[in-house]
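The numbers here are math on the coordinates, done by the rules we state, and not lab data. Please read these numbers as outputs of a predicted model, since none were measured by experiment. So basically every Cβ, Gly included, is an ideal-geometry build from the backbone, and we count neighbours across all protein chains shown.
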Amino acid sequence: MTKRLLEAKQVTAAYHTPDGREVRAVDNVSVFVNEGEILGCAGESGCGKSTLGNVLALTARPPLYPISGTLNIDGQVLELGQNNKVPRTWRGSVVSMLPQGALNSLSPTAKIRGLVVDVLKSHGTKLSKDECLDLARDRMKNLGLPTRALDSYPHQLSGGMKQRVITVISTLLNPRLLIADEPTSALDVSSQRALVEMLREMLNQDIMKGVIFITHDLPLLKTISDRVAIMYAGQIVEVANSEDIAERPRHPYSKALLNAVLAPEEDTLAKRVEGIKGSPPSLAKPPSGCRFHPRCGLAMDICTQVMPRAQGNELQFAKCHWSQQHPHEPIRIEDVLRRNDEIEAPVLIKKEA
Amino acid sequence: MRFSVRFYVAAGLVVLVLLAALLGPFLIGVDPNTSIGGLYDKPGVHPGFGGILGTDNEGQSVMSNLLYGTRTSLLVGLIAGIVASAIGLVIGLIAGYAGGLVEEILMGLTNIMLAIPSIVIVILLSVSLPQRNIFTLALVIGITSWPWTARAVRAQATSVRTREHIEVAKMSGANFWSILVWDVLPYLLSYVVMAFVLQVASAILTESSLSMLGLGPSNIVSIGMMLNWALAWGSIRVGAWWAFIPPTLMLTLIAFSLFLLQSSLDELFNPRLRRGKKVKAGVVTPDQDDEFLPEAGSAAGPAALMEAAVVDRTREEARP
Amino acid sequence: MALFEADNLSKTFGGGKGAVHAVKGATFGLEPGSITAVVGESGSGKSTLARLVLGLLPSSGGTMTFDGSDVTKMSFLQSKKYWQEVQAVFQDPFSAFNQFFTVERLLDRSAKLIDNKAEARTRMEEALHHVGFEVADVIKKHPHELSGGQRQRIMIARALMMRPKLLLADEATSMLDASLRVNVLNVFKDLRDNLGTTIMIITHDIGQATYVADRMLVMQKGDMVEQGTSQDVVFNPQHEYTKQLLADVPKLHGELGELVH
């Protein structure tokens, strides 16, 4: 039986606004990752996926505050809460974050080797400078990266190489879990592919035991992840094997999101695709019942009042009343988008008279 | 906007100095140019507020001189600061936005100005002037100290130039000056305000140095002139500390409060520099992007991995 | 006849050894009423090409013709006239806004290019309707009060207001979510189909290009390596680079791809 690597239960985190309100960007979310697994996390911007990443990586900073929840990473347990201190040893060695935009925040005047030492020292390593660099050099050799990158300045490396090098550096302490937040969004497809291959290789070499990969690029997630979690308005609405998500989504929101993916394929040329109209709800005042109901064509009375419960097990579930009532029926995109016209003034370009 | 404690302390000190300079002369009721006693009378020898700090080399009230002198020094600083900021702003703005040959020429000029020791120019100019009143002095200080502002403004303007809204403005048919004033300048205003505060502070110090050298304004008292007299009439030798300590302290207080004000403004305008736990973000509207939310608050992003390695360039550029 | 033609267009930044040849002799035409996509990775010179076409950058060589007249070098007044007919939507809905301007101020400024005042106001309102806004709802707002998607729609409205013959979209959808992205791409399709607007989109996403474009130009390191109908370029690519580009695109459906597991 596969071992559980991460059990995050009922995690809630909120941004504090200056006028004293609490905006719950992650609301009662439970996430599970098995050993050797890559979990993809997708959703529209503002759905809370980056926030979830920061909370799980213990890098939440004010005005974002974790409110409640339990983290269990490879047997080590941590209660989340506004006043709970994060043990210093956790960051970098238990869980490590590959932050969004890391590519552009490198100091242009420092060589990569300087970064290696700085990162390791800031995580309290007892290694000497040379040992740090040896470690990095070995690691890069094993993963097929040119070690001369260590002696380069950031601008001398291509975007793809920079991202791979940063990934290696952020995992030097062998974190059990790596959280990668949009690591590929600034890369072109060839570099994306190289990074993805390297992450797989790192799992094989047991450098880390699991990855949460956050992105809005669904085809990429399908390629890299074992399972995919779809987030909407601060909650996970569906989790499933990447194959199942792509072919048989069980939540109308997943269906709508996947429908909007444009690939260079035969049918893309001729078809007309519609996106979901309307905006995600305000997290300061989320709608009652299912949070997707104001935009959902399948919404029924019950959806406006009762929050749907997860159907399935903790590794594969969907939260949707409709799916629950129609267990074997696939979701049809026309039905989901049925309410597009009433939601928002449609985009109309009329022929001139 | 949320002001830090630092800002309130700085603002409090600045207001204190301003009150002393503006109201002091009216309250004290002692003319700084009339003798109220003899050479270096000790504090408290003469009655009333005017005698509280004793007398100077001419038997005039030190307190009265200090208050009038502060007013003069602030006035010089203010005028010089405005002149320097205005010249620096215009030159930096045009150089930064126009780029190319214009930038080369303007920045060349700026660098030449920087290379010439300005104190020499100031001395030469003030010696050659027929009459040295505070306005000519302020003007001289102003036109020798703009290059720092010009460089800071140029660096900022260069970064604004690459923003897409400039291209949008061009495509809307806006001309060079319209873009400069409406699309570039507003993005720099916070830097200009900070640079202005620094210019005022350094102008006050320059005025004092000049006056100490005996190149200060004639027939009016300034803090530098007080120090000049104190030096020239041997106050240190005779131990008349009340003649040189008060103006020194006042000068320190002015410069300190202005520098503190500048750095607290820096914090205010660059939220990334805010210290402590209570970083307050702008209003978090939920339809803002993920990328947008962490910008103010969870600089958690890069910070987590690269805490030690990230260079805060904006801050360096902001300091003239 | 093509609405816009570029002949051997090039752009070099800097000089001597450090010279960067961003665009090396691009020759292409934009057919009226069609959507042409320029596809390439970052650093391929596609954004530089866009700025050359828009007249925002002077070219280093070659000629550009728009509607029969030469637009390679333009005076300020000529540019103003050109921009009444050629408009653009840029990549970043955040930095494309002057954060100190309200929507109204932004649009008013562009409206000055329209000679008739009353006409300009009507067109502004019409353009906002086109992208699904009620005029009163947005006109007084500052950019920070709008979401990313809303801002991008305002930018599209700004361009539409000029009723351009040629609309250029430089990565206009790359910062948007999948769902919003198709909505914006649909606006482009509607413009082409219903108003006959000629559109040039710049993108790194060959999937988007497949969906929206009639023709594709593929750029690699400043060279235009392939051009043709979308059908030909995507399903019968000739150049090695195009083939590689297509092979690296992650697929949503079908086989998992050889790189996994």
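Based only on other Cβ atoms within 10 Å, what is the fewest-to-most ordering of A:M300, C:M74?
A:M300, C:M74
With unit charges on the beta carbons (Lys and Arg positive, Asp and Glu negative) and the dipole taken about the Cα centre of the protein assembly as shown, which residue among C:F97, B:S218, B:F256 sits farthest to the positive side?
B:S218
Which listed residue (A:Y253, A:Q305, A:T268) has the Cα farthest towards the positive end of the charge dipole for the range A:248-341, taking +1 on Lys and Arg C-beta and -1 on Asp and Glu C-beta about the Cα centre?
A:Q305
Could you state the number of Å between the C-alpha centres of the range B:158-214 and the range A:1-48?
44
Under a crude label model (7 Å from the Cα following the beta-carbon direction), how far is B:L231 from A:T89 in nanometres?
A separation of 6.3 nm, rounded to one decimal place.
By how many degrees, 0 to 90 and rounded to 10, does the Cα axis of helix C:148-161 deviate from the longest principal axis of chain C?
The two axes meet at around 70 degrees.
Tell me the Kirkwood hydrodynamic radius of the range C:24-248 in angstroms, computed as one over the mean inverse distance between distinct C-alpha pairs.
Over the range C:24-248, the inverse of the mean reciprocal pair distance is 18.1 Å.
Grab the beta carbon distance between A:A270 and A:L135, set R0 = 45 Å, and tell me the FRET efficiency rounded to 0.05.
Taking R0 as 45 Å, the efficiency between A:A270 and A:L135 is 0.25.
What length, rounded to one decimal in nm, is gained on full extension from B:I112 through to B:L78, with 0.36 nm per residue of separation minus their alpha-carbon distance?
9.7 nm
By how many nm would the segment from C:K81 to C:Q238 lengthen if fully extended, with 0.36 nm per residue of separation less the alpha-carbon distance?
Residue separation times 0.36 nm, minus the Cα-Cα distance, leaves 52.6 nm.
For a quick protection proxy, order the peptides B:187-197, C:88-98, B:98-108 by their average other-Cβ count within 10 Å, most packed first.
C:88-98, B:187-197, B:98-108
What is the range B:44-147's relative contact order, in percent, from Cα pairs under 8 angstrom and six or more apart in sequence?
Normalised by residue count, the contact order of the range B:44-147 is 30 percent.
Would you mind computing, in nm to one decimal, how far apart the modelled labels at C:D137 and B:V127 are, each placed 7 Å from Cα along Cα→Cβ?
7.3
By its C-alpha gyration tensor, with a ≥ b ≥ c as the square roots of the eigenvalues, how is the range A:147-288 shaped: rounded for a/c under 1.5, else prolate for a/b larger than b/c, else oblate?
prolate
May I ask you to list, by number, the DSSP H helices of chain A whose Cα span along the axis is at least 18 Å and whose average Kyte-Doolittle hydropathy reaches 0.0 or more?
In chain A, the long hydrophobic H runs are A:189-204.
Can you put A:M202, C:M161 in order, fewest other beta carbons within 10 Å first?
Ordered by Cβ neighbours within 10 Å, fewest first: A:M202, C:M161.
Report the Rg/Rh value for the range B:36-126, based on alpha-carbon coordinates and the Kirkwood definition of Rh.
Looking at the range B:36-126, the ratio lands at 1.33.
Residues in the range A:84-114 near a label at A:L127, defined as backbone nitrogen under 14 Å from the 7 Å Cα→Cβ point?
Hits in the range A:84-114 for A:L127 at 14 Å: A:92-93, A:113-114.
Taking beta carbons within 10 Å but only from partner chains, what does the mean come to for residues C:189-196?
3
From other protein chains only, count the Cβ atoms within 10 Å of every residue's Cβ in A:288-295, then give the mean.
Per residue, the number of nearby Cβ atoms from other chains is 0 on average.
If every alpha-carbon in the range A:248-341 counts as one equal scatterer, what log10 I(q)/I(0) does Debye give at q = 0.22 1/Å?
Treating every Cα as an identical point scatterer, log10 I(q)/I(0) equals -1.18.
Among A:22-35, B:121-134, how do they line up by average Cβ neighbours within 10 Å per residue, starting with the highest?
A:22-35, B:121-134
Which value in nm describes the separation of the simple spin-label points at B:L249 and A:S190, placed 7 Å from the Cα toward the beta carbon?
Once both label points are built, they end up 7.2 nm from each other.
Sorted by packing (mean other beta-carbon atoms within 10 Å per residue), highest first, where do C:111-118, C:215-222, A:229-236 land?
Averaged packing, sorted descending, gives the order A:229-236, C:215-222, C:111-118.
Taking 2.2 N^0.38 Å as the expected size of a compact globular protein, what ratio does the Cα radius of gyration of chain A give against it, to two decimals?
1.05
Can you list the trypsin sites (Lys or Arg not before Pro) in the range A:266-324 that are in a DSSP coil and have 14 or fewer other beta carbons within 10 angstrom?
Within the range A:266-324, the qualifying trypsin sites (Lys or Arg not before Pro) (loop, at most 14 other Cβ atoms within 10 Å) are A:K271, A:R272, A:R309.
Would you give the gap between the C-alpha center of the range A:57-117 and the C-alpha center of the range B:1-41, rounded to a whole Å?
When both Cα centres are located, 50 Å separates them.
For A:53-63, what's the mean count of beta carbons from other chains sitting within 10 Å of each residue's beta carbon?
Taking the mean over all residues of the peptide, I get 6.
In whole angstrom, how far apart do the alpha carbon centroids of the range A:260-314 and the range C:79-104 sit?
32
Please express the shape of the range B:47-185 as an equivalent ellipsoid: the semi-axes are the square roots of 5 times the eigenvalues of the C-alpha gyration tensor, given largest first in whole angstrom.
Gyration-tensor ellipsoid for the range B:47-185: 43, 18, 11 Å.
From the C-alpha coordinates alone, can you work out the Kirkwood hydrodynamic radius of the protein assembly as shown, in Å?
One decimal place: 31.4 Å for the Kirkwood radius.
Once you have all Cα-Cα distances for the range B:5-269, histogram them in 10 Å bins from zero and send the whole-percent values.
P(r) over the range B:5-269, rounded to whole percents: 7, 26, 28, 20, 11, 5, 2, 0.
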